[in-house]
Amino acid sequence: MTLTTVNSSALETYIGAVRSAVDARVGADETVRRVVAANQVLRSAPFEIPAPLRRIKPGVAYTRNLVHQDLERGFSVIAILWGRFQETRVHDHLNWCVMHMLEGSCMAIDYERLDDEKTPGRAELAIRAAGVLETGGISGLTPPPRSNIHKIANARPEVSISLHTYGDPGTRARVFDPVAGKVEIVDLAFHNLEP
Ligand SMILES: [Fe+2]
């Protein structure tokens, strides 16, 4: 099911490649490898996020515009627009995810979970790695609990744009407060579908 009309053949081809990767039922590691490869193909094509998906919503932490959602196969493709030094909270996703930096650059901080995950609502984290994803950079994460907790921030004062593909509908995430040692599930909006 396509919720957003996308007028871009390169993007349609990419979505088809993700669909094929998911249909192959090859496990999360291989699915991520195939979706990363599909992003490499997308990178080699003359491609730009279509204008309707480039609109920034004022007053939100960062703008999430839904490109495509396949509820039957359980994946979603989302364009994220990062305003001046905008950032996520520390979070992870319910399944695998692949991020492709289309324009600009973002900082990515990866966290390690230190607790035994047996106390509901509690989480102890430590930073494992930090780096910058430059334009054209592609990053894949396998499902939790392995190496999935992260935080993303625009690395520059100008707008940056990234394309995110998730092995879930893209509507929920776990959000961590590393200082308070807390974790909760939160619902995520698609700003281009809001009035
Ligand atoms: Fe994320």
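With respect to the stated conditions, Gly181 fails to be under 16 Å from the mean Cα position of the chain (by Cα), small (Gly, Ala, Ser) and either within 15 Å of the ligand (Cβ to nearest atom) or at pLDDT 95 or above (or both). Scanning the range 73-112 for residues that are in a strand (DSSP E or B), within 15 Å of the ligand (Cβ to nearest atom) and either at positive phi or of a type in the set (D, E, K, R) (or both) turns up Glu87, Asp92, Asp110.
Scanning the range 151-167 for residues that are within 14 Å of the ligand (Cβ to nearest atom) and surrounded by fewer than 18 Cβ atoms within 10 Å (Cβ to Cβ) gives a single hit, Ala153. Which numbered condition trips up Arg64, out of (1) farther than 29 Å from Pro178 by Cα; (2) assigned to a strand (DSSP E or B); (3) not polar (S, T, N, Q)? Arg64 satisfies all of (1) farther than 29 Å from Pro178 by Cα; (2) assigned to a strand (DSSP E or B); (3) not polar (S, T, N, Q) except (1).
Sub-6 Å Cβ pairs linking a first residue in the range 147-175 that is under 30 Å from Ser20 (Cβ atoms) and hydrophobic (A, V, I, L, M, F, W, C) to a second residue that is within 11 Å of the ligand (Cβ to nearest atom) and assigned to a strand (DSSP E or B), at least 6 apart or interchain, are Ile149/Asp92; Ile152/Cys106; Ile152/Ala108; Ala173/His91, ordered by first then second residue. Residues that are farther than 29 Å from Arg54 by Cβ and surrounded by fewer than 20 Cβ atoms within 10 Å (Cβ to Cβ) within the range 168-183 comprise Asp177, Pro178, Val179, Ala180, Gly181, Lys182, listed in sequence order. With respect to being within 20 Å of Val67 (Cα to Cα), touching a strand residue (DSSP E or B) at 6+ places or on another chain (Cβ under 7 Å), modelled with pLDDT under 95 and surrounded by 15 or more Cβ atoms within 10 Å (Cβ to Cβ), Asn148 falls outside the description.
The residue that is modelled with the lowest pLDDT, among those in the range 113-145 that are within 16 Å of the ligand (Cβ to nearest atom) and surrounded by fewer than 17 Cβ atoms within 10 Å (Cβ to Cβ), is Pro145. In the set (1) out of contact with any Gly (no Cβ under 8 Å at 6 or more places or on another chain); (2) of a type in the set (S, T, N, Q); (3) closer than 25 Å to Leu188 by Cα, the condition left unmet by Ser44 is number (3).
The values are calculated or read from the model by the stated rules, or taken from the named source; none is laboratory data. It should be emphasised that the depicted structure is a prediction, and the values quoted were computed from it without experimental measurement. Positions of Cβ are backbone-derived with ideal geometry, glycine not excepted, and every protein chain shown enters the neighbour counts.
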